[in-house]
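Enquirer: Once you've had a glance at the structure underneath, I'll fire off some questions.
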Amino acid sequence: MRLFNLMRIAEIKPDQATIITVLQACQDLGVGKLAETIHGLIFKCGLFANVVIVTILLSVYAKLGRLFDSHKVFEEIINPDRVAWTAMLAGYAMHGRGREAIELFESMVKAGEVPDQVTFTNLLSACGHSGLVCEGKNYFNIMSEIYGLAPRLDHYSCMVDLLGRSGHLNDAYEMIKRMPMEPNSGVWGALLCACRVYGNTELGKEVAERLFDLEPLDSRNYIMLSNIYSAAGMWKEALKVRDLMKERNLIRTPGCSYIEHRNDIHGFVVGDQSHPESKKIYKKLELGRTDWEDSSSWFCS
């Protein structure tokens, strides 16, 4: 990002490869203001007819939650290809806009564009995040019956997530047992999350044990099962899971986030103090925490 800013200062005109690289960085880091700058450069450099560049741009806006801007960019594409349609669909899926995703999918089909497996992954994900169970089941069947696309692991994972989120845990488990391939951690993980939400300790234990076999060193699965037990008041079982983590020397991976400030990208890791201005940052956070505590009564009344 700093190199790109130096190019702008030196008035070096970016080419297509540079634009794509910076846009992908914006997408990975969730940088908004720089994406707007690139948007302007795309017009200035006459690259808006490039479907690849514009598709990445709409994906960046979608990831930032700016679906209006994302859809506006999409509408300006004269002949969107399948990748562009799918990218817009992924944006709706990311933010739980199931109805809009279905409407877009139907428009895509009417426009004569044939959906692929990636398209259906995003469509099923959108249905899952919106609680559209019947619609999700319908599209899951359509992909094989009409388009001849065999469901992959990611499609089954979406369906298990869809059923689990809506409380149909037994149906989700039955679907896993009927899968023509071995379920991976993504499939079992979706069901474990549902067990936590709905407090199903019996199924949660069985699913967690499957995950322990697949990913014995992934601390998230142990923490999830421990939380399921704790929520049910099963403190002894929860403690056993925590003890098992200690025996296996499992440490939870610290969270990491990025922010954009004055055209610079700053990364932060939980508990890390390597940032050159870490003392100022922690002091500011401590002041903020005091303010939150002082004003907490407003939220409890």
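The values are calculated or read from the model by the stated rules, or taken from the named source; none is laboratory data. As the structure is a prediction and not an experimental result, all values here were calculated from the model. With ideal geometry, Cβ positions are generated from the backbone for all residues, glycine too; neighbour counts draw on all protein chains shown.
This table checks each residue for (1) among the hydroxyl-bearing types (Ser, Thr, Tyr); (2) closer than 22 Å to residue 122 by Cβ.
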{"site": "18", "(1), (2)": "yes, no"}
{"site": "21", "(1), (2)": "yes, no"}
{"site": "35", "(1), (2)": "no, yes"}
{"site": "46", "(1), (2)": "no, no"}
{"site": "54", "(1), (2)": "no, yes"}
{"site": "80", "(1), (2)": "no, yes"}
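Enquirer: Any idea which of 123, 89, 132 is over 26 Å from residue 16 (Cβ atoms), crowded, with 23+ Cβ neighbours inside 10 Å and either touching a residue at least 12 places away in the same chain (Cβ under 8 Å) or in contact with a Leu (Cβ under 9 Å, 6 or more places away or on another chain) (or both)? Show your work before the answer.
Expert: On the way: 89 fails: over 26 Å from residue 16 (Cβ atoms); 132 fails: crowded, with 23+ Cβ neighbours inside 10 Å.
Among 123, 89, 132, only 123 is over 26 Å from residue 16 (Cβ atoms), crowded, with 23+ Cβ neighbours inside 10 Å and either touching a residue at least 12 places away in the same chain (Cβ under 8 Å) or in contact with a Leu (Cβ under 9 Å, 6 or more places away or on another chain) (or both).
Enquirer: Of the residues that sit in the range 77-86 and are hydrophobic (A, V, I, L, M, F, W, C) and assigned to a loop (DSSP other than H, G, I, E, B), which one is surrounded by the fewest Cβ atoms within 10 Å (Cβ to Cβ)? Lay out the reasoning, then the answer.
Expert: Just the residues of the range 77-86 that are hydrophobic (A, V, I, L, M, F, W, C), to begin with: 77-78, 83-85.
After this cut, where a residue has to be assigned to a loop (DSSP other than H, G, I, E, B) as well, the list is 77-78.
Values: 77: 18, 78: 7.
Per the criteria, the residue is 78.
Enquirer: Residue 193 fails exactly one of the following numbered conditions: (1) surrounded by fewer than 20 Cβ atoms within 10 Å (Cβ to Cβ); (2) over 22 Å from residue 153 (Cβ atoms); (3) not charged (D, E, K, R). What is the number of that condition?
Expert: Answer for residue 193: the failing condition is (2).
Enquirer: Sort out which residues of the range 122-142 are among the polar types (S, T, N, Q) and within 19 Å of residue 152 (Cβ to Cβ), and write them in order of number.
Expert: Looking only at the range 122-142, we keep the residues that are among the polar types (S, T, N, Q), and these are 122, 125, 130, 138, 141.
Within the range 122-142, 122, 125, 138, 141 meet the criteria.
Enquirer: Checking the structure you have, find out if any residue of the range 261-281 is of a type in the set (Lys, Arg), at pLDDT 65 or above and more than 30 Å from residue 194 (Cα to Cα).
Expert: As a first pass, look at the range 261-281 and keep what is of a type in the set (Lys, Arg): 262, 279-280.
Pick out the ones that are also at pLDDT 65 or above and you get 279-280.
Among the residues that remain, those that are also more than 30 Å from residue 194 (Cα to Cα) are: 279-280.
Scanning the range 261-281 turns up at least one residue that is of a type in the set (Lys, Arg), at pLDDT 65 or above and more than 30 Å from residue 194 (Cα to Cα).
Enquirer: Right, next: Can you name the helices (runs of 4 or more DSSP H) wholly within the range 168-231 that have at least 3 residues being farther than 21 Å from residue 248 by Cα?
Expert: On the way: elements: 169-178, 185-198, 201-214, 219-231.
So the answer is 169-178, 185-198, 201-214.
Enquirer: Any chance the range 166-181 includes a residue that's surrounded by fewer than 20 Cβ atoms within 10 Å (Cβ to Cβ), within 13 Å of residue 224 (Cα to Cα) and of a type in the set (A, V, I, L, M, F, W, C)?
Expert: Checking the range 166-181: not a single residue is surrounded by fewer than 20 Cβ atoms within 10 Å (Cβ to Cβ), within 13 Å of residue 224 (Cα to Cα) and of a type in the set (A, V, I, L, M, F, W, C).
Enquirer: Can I ask one more? Identify, from the list 218, 213, the residue that is surrounded by fewer than 20 Cβ atoms within 10 Å (Cβ to Cβ), free of Cβ contacts under 8 Å to residues at least 24 places away in the same chain and over 19 Å from residue 152 (Cβ atoms). Steps first, please.
Expert: Working: 218 fails: free of Cβ contacts under 8 Å to residues at least 24 places away in the same chain.
Every option except 213 fails the conditions.
Enquirer: Among the aliphatic types (A, V, I, L, M), touching a Lys or Arg at 6+ places or on another chain (Cβ under 9 Å) and at pLDDT 90 or above: does that describe residue 109? I'd like the intermediate steps shown before the answer.
Expert: Values: among the aliphatic types (A, V, I, L, M): yes; touching a Lys or Arg at 6+ places or on another chain (Cβ under 9 Å): no; at pLDDT 90 or above: yes.
Considered against the rule, which asks whether it is among the aliphatic types (A, V, I, L, M), touching a Lys or Arg at 6+ places or on another chain (Cβ under 9 Å) and at pLDDT 90 or above, residue 109 comes out as no.
Enquirer: Answer with yes or no whether residue 138 is part of a helix (DSSP H, G or I) and either within 23 Å of residue 117 (Cβ to Cβ) or in contact with a Gly (Cβ under 9 Å, 6 or more places away or on another chain) (or both).
Expert: On the way: part of a helix (DSSP H, G or I): yes; either within 23 Å of residue 117 (Cβ to Cβ) or in contact with a Gly (Cβ under 9 Å, 6 or more places away or on another chain) (or both): yes.
Spelling it out, residue 138 is indeed part of a helix (DSSP H, G or I) and either within 23 Å of residue 117 (Cβ to Cβ) or in contact with a Gly (Cβ under 9 Å, 6 or more places away or on another chain) (or both).
Residue-by-condition table, conditions (1) modelled with pLDDT of 90 or more; (2) out of contact with any Phe, Trp or Tyr (no Cβ under 7 Å at 6 or more places or on another chain); (3) within 30 Å of residue 37 (Cα to Cα):
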position: 206; (1), (2), (3): yes, yes, no
position: 219; (1), (2), (3): yes, yes, no
position: 228; (1), (2), (3): yes, yes, no
position: 241; (1), (2), (3): yes, no, no
position: 258; (1), (2), (3): no, yes, yes
position: 291; (1), (2), (3): no, yes, no
position: 294; (1), (2), (3): no, yes, no
position: 300; (1), (2), (3): no, yes, no
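Enquirer: Looking at (1) under 14 Å from residue 20 (Cβ atoms); (2) aliphatic (A, V, I, L, M); (3) crowded, with 22+ Cβ neighbours inside 10 Å; (4) in contact with a Leu (Cβ under 6 Å, 6 or more places away or on another chain), which one does residue 54 not meet, given that it meets all the others?
Expert: The one condition residue 54 does not meet is (4).
Enquirer: Just checking, which of 144, 157 is within 30 Å of residue 206 (Cα to Cα), polar (S, T, N, Q) and part of a helix (DSSP H, G or I)? Steps first, please.
Expert: Details: 144 fails: within 30 Å of residue 206 (Cα to Cα).
Answer to the check: 157.
Enquirer: Under 7 Å between Cβ atoms, at least 6 apart or on separate chains: pull out the pairs that start in the range 56-76 with a residue that is closer than 10 Å to residue 91 by Cβ and outside any helix (DSSP H, G or I) and end on any residue that is at pLDDT 90 or above and of a type outside the set (D, E, K, R).
Expert: The qualifying pairs are 65/95.
Enquirer: If you go through the range 68-76 one residue at a time, do you hit one that is modelled with pLDDT under 95, under 26 Å from residue 161 (Cα atoms) and not polar (S, T, N, Q)?
Expert: no
Enquirer: Now for a separate question. Out of all the residues in the range 149-165, is one or more modelled with pLDDT of 95 or more and within 30 Å of residue 78 (Cα to Cα)?
Expert: yes
Enquirer: Looking at (1) within 16 Å of residue 116 (Cβ to Cβ); (2) within 19 Å of the chain's Cα centre (by Cα), which is the only condition residue 150 fails?
Expert: Residue 150 satisfies every listed condition except (2).
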